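Please read the structure below before turning to the comments.
What follows draws every value from the coordinates through simple rules; no lab data is involved. These numbers were taken from a predicted model, which means no experiment stands behind them. Positions of Cβ are backbone-derived with ideal geometry, glycine not excepted, and every protein chain shown enters the neighbour counts.
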Amino acid sequence: MYSSTVSTIRHDWQAEEVLNLYALPFNDLLFKAQMIHRENFNPNEVQISSLLSIKTGSCSEDCGYCPQSARYDSGLKSEPLMAIDDVLQAAQRAKSQGATRFCMGAAWRKPKDSDVERVVEMVQGVKALGMETCVTLGMLTDEQTTRLQEGGLDYYNHNLDTSEDYYSEIITTRTYQDRLDTLKRVRNSGINVCCGGIVGMGESDLDRANLLIQLANMPQHPESVPVNMLVQVEGTPLMGTEPLDPLMFIRTIAVAKIMMPKSRVRLSAGRNEMSDEMQALCFFAGANSIFYGDKLLTTDNPMTNRDLALFDRLGLKSAGSSYA
Ligand code: SAM
Ligand code: DTB
Ligand code: SF4
């Protein structure tokens, strides 16, 4: 039990084995995840990304969790694609607060080619500030993916969100295969893949296991795996869902780390509703990336001074940027 663990990169995970990991005694699971984590990363370093919604609301998709869908009345004010100068100002602010990666999100089912051209300019501007870049724009064509890669984009975020079986309970306007197709394009283009999901949507243990299996059994693990806790927003269909046991969220982080040892698992949406102690356990379970800054896309994230105090209390440091 206490002998050293050698991280192996596998792509053949089966449901039973993953459910058995989930079912380990909590201390055994976290110990295993932490051992694997420190074989691959400095356990006291966390990568810091900031998010900006560059195009907000009025989305044609019906994702049941999302306040940006045009189908639900979440009271959100829609905004068209932002001006480049405003995006760069926000990126500069995020950099001065300590973020090393700037993630730009757009409420599109899929972008138009002209949108992609404007996003490429944003990517180039943000890179010129010395930050890593990530965008999430919905489904992409081959040509659009190539444009983003040539424009120097570092990461593309496109989440699978849940298991294939549960997907149609949450989203009916696109298929799981649509998601997999875009992910394949991004992987083949050479852009780093950021792909994860949301838990706390009323899914079963098997759905959570199957989501992680989808991610880990890809030919190459996503470099970045965001694990979001559902942020319940008034007006969305998932408002009022029975909250997930926080310990099950922490278990999900640990199992993700064991299955994808070299990936950065991001403690993503939902941190505003988590205690400092719960976040500390997530970091112990192998999460080593966060969204930092007072807002996620449209909902609240912890204030930066709360995060700085938490880092200080836990002795955590920024992982820095490969562009520093
Ligand atoms: N429209 C694009 C798409 O869906 O890929 C990009 C933006 S979309 C807001 C990005 C991701 O945000 C979703 O895939 C989902 O994982 C996450 N997300 C959206 N609403 C959320 C919520 N209420 N709680 C947690 N995560 C959420
Ligand atoms: C991810 O996995 N989570 C982020 C980012 N990728 C784009 C988005 C979280 C959104 C939470 C709800 C909101 O603020 O609108
Ligand atoms: Fe649109 Fe993305 Fe929200 Fe779905 S998650 S409604 S695609 S913005």
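Name the residue from Met201, Thr182, Ala216 whose Cα lies farthest towards the positive end of the charge dipole of region 169-217, charges +1 on Cβ of Lys and Arg and -1 on Cβ of Asp and Glu. So the residue furthest toward the plus end is Thr182. Cα centroid separation, region 60-130 to region 177-206: 19 Å. The Cα atoms of the chain cover 55, 42, 37 Å along the three principal axes, with the biggest extent listed first.
The length gained on full extension between Glu121 and Thr8, counted as 0.36 nm times the residue separation minus their Cα-Cα distance, comes to 36.8 nm.
Its residue count N sets the reference 2.2 N^0.38 Å, and the alpha-carbon radius of gyration of region 202-324 equals 1.09 times that reference. Most simply put, the chain has about 5% antiparallel DSSP beta bridges, counting only bridges with both residues inside it. A Cβ-based charge dipole, computed about the Cα centre of the chain with Lys and Arg at +1 and Asp and Glu at -1, lands at about 820 debye. Under a model in which nothing but the beta-carbon of Lys, Arg (+1) and Asp, Glu (-1) is charged, region 239-324 shows a dipole of about 480 debye around its Cα centre.
Dimensions of region 260-301 from C-alpha coordinates, computed as largest minus smallest value along each principal axis and given longest first, are 31, 21, 12 Å.
With neighbours defined as other Cβ atoms within 10 Å of a residue's Cβ, the residues Thr172, Thr100, Thr299 order from fewest to most as Thr172, Thr299, Thr100. Both radii are taken from the alpha-carbon atoms of region 208-258; with Rh as the Kirkwood radius, Rg/Rh is 1.04. Modelled this way, with points 7 Å down the Cα-to-C-beta line, the labels at Glu277 and Phe26 are 1.0 nm from one another. A P(r) calculated from all alpha carbon pairs of region 169-263, with 5 Å bins opening at zero, reads 2, 12, 22, 22, 19, 14, 7, 2 percent.
The calculated pair-distance distribution of region 3-131 uses every alpha carbon pair, bins of 10 angstrom beginning at 0, and gives 10, 25, 22, 25, 16, 1 percent. Distance between the modelled labels on Asp300 and Glu45, one decimal in nanometres: 3.3 nm (7 Å Cα→Cβ projection). The length gained by stretching the chain between Asp142 and Glu17 to full extension, at 0.36 nm per residue less their Cα-Cα distance, is 41.4 nm. Considering helices alone, the calculated mean residue ellipticity of the chain at 222 nm is -12500 deg cm²/dmol, with DSSP H runs of length four and up weighted by -39500 (n - 2.57) and normalised per residue. Within region 5-68, the trypsin sites (Lys or Arg not before Pro) that combine a DSSP coil assignment with at most 14 other C-beta atoms in a 10 angstrom radius are Arg10. Rounded to the nearest 20, the size of the Cβ-charge dipole of region 145-278 about its Cα centre is 680 debye, with Lys and Arg at +1 and Asp and Glu at -1. Measuring from each cysteine beta-carbon in the chain, the ones with no other cysteine beta-carbon under 4.7 angstrom are Cys59, Cys194, Cys195, Cys282.
Placing R0 at 35 angstrom, the Cβ-Cβ distance between Arg38 and Met248 gives a FRET efficiency of 0.90 after rounding to 0.05.
The largest-to-smallest principal axis extents of the Cα set in region 83-168 are 43, 27, 20 Å.
With a Förster radius of 30 Å applied to the beta-carbon distance between Asp85 and Leu314, the computed FRET efficiency rounds to 0.25. With the simple spin-label model, which puts each label point 7 Å out from Cα in the Cβ direction, the Ser96 to Asn188 separation comes to 4.4 nm. Checking every one of the trypsin sites (Lys or Arg not before Pro) in region 255-307 against DSSP loop status and a limit of 15 other Cβ atoms within 10 Å picks out Lys262.
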